[in-house]
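Below is one structure; the comments refer to it alone.
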Amino acid sequence: MRLCKISIKSIILISFAALGAAGCARVAAKLDLSFGTDEFNWVNRMMRKMSIEEKVGQMVAWQYNRNFYNADSDTMKDLEDLIATHGIGGLVVFAGNVYETAHLANAFQRMAKVPLLIASDFERGVANRIAGSTLFPNMMSIGAADSADLAYRMGKITAEEGRALGVHDPG
């Protein structure tokens with residue numbers, strides 16, 4: 001495998017540093033993220049089954065940034081290994097186009113034991129990273145329009161397009 005080897009200790013150290021930094025960030029609004037009984041039970045069952053290595057793997061996200069991967073390519077084999085063998089928790093889409101992004105998101109989810117969190121930077125809409133989707137003006141323009149309705153509609157369209165591609169966190 002061509003990927004660099006990272007020790008579990010390094011991953012844990014980096015994770016705690018990131019969590020510490022995140023704790024310093026200001027929170028604009030409180031969200032109700034409570035689970036129902038079924039979700040709570042599923043999470044508890046999964047956590048009891050997982051080794052410490054699998055739990056650490058869930059804290060790792062890997063980027064991919066190509067339009068198409070041949071199933072036999074080194075890149076696809078490396079991604080398969082990270083997902084199926086090492087149990088990474090997520091992927092970050094850096095570039096692609098609509099159809100390949102949706103296809104790969106579905107293929108990667110099928111490989112995972114635990115559902116992957118798939119994220120991307122869709123600051124100006126999905127086309128900020130994915131060709132063939134909607135690109136909005138930059139944030140300065142949205143602010144200058146002084147319209148909460150336009151900002152809301154931009155966010156809603158971005159969320160709908162991103163979710164249709166299999167992306168959970170539009171950045």
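The values are calculated or read from the model by the stated rules, or taken from the named source; none is laboratory data. Bear in mind that the values here come from a model prediction, so they are computed numbers and not experimental data. Methodologically, a virtual Cβ is constructed for each residue, glycine included, from the backbone with ideal geometry; neighbour enumeration extends over all protein chains shown. Areas reflect the complete protein model, heavy atoms only, side chains present, ligands, DNA and RNA absent. Shrake-Rupley method; radii C 1.70, N 1.55, O 1.52, S 1.80 Å.
Quick notes
- Some residue of segment 105-120 being farther than 28 Å from R48 by Cα and open to solvent by 40 Å² or more (accessible area, probe 1.4 Å): no
- Of the residues making up segment 133-156, those that are open to solvent by 80 Å² or more (accessible area, probe 1.4 Å) and closer than 15 Å to G96 by Cα number 1.
- Scanning segment 94-145 for residues that are of a type in the set (V, I, T), touching an Asp or Glu at 6+ places or on another chain (Cβ under 9 Å) and not in a strand (DSSP E or B) yields V98, V114, V126, T134.
- Residue, farthest from V92 (Cα to Cα), within segment 50-76, restricted to residues that are at pLDDT 90 or above and assigned to a helix (DSSP H, G or I): I52
- Test: A159 is part of a helix (DSSP H, G or I), touching a helix residue (DSSP H, G or I) at 6+ places or on another chain (Cβ under 8 Å) and surrounded by 14 or more Cβ atoms within 10 Å (Cβ to Cβ): no
- Annotation note: Cβ proximity below 6 Å between a residue of segment 92-116 that is of a type in the set (F, W, Y) and a residue that is open to solvent by 20 Å² or more (accessible area, probe 1.4 Å) (sequence gap 6+ or interchain) occurs for F94/Q63; F94/N65.
- Where a residue in segment 34-56 is farther than 23 Å from A84 by Cα and its partner, wherever it lies, is at pLDDT below 90, with Cβ under 8 Å and at least six apart: F35/V43
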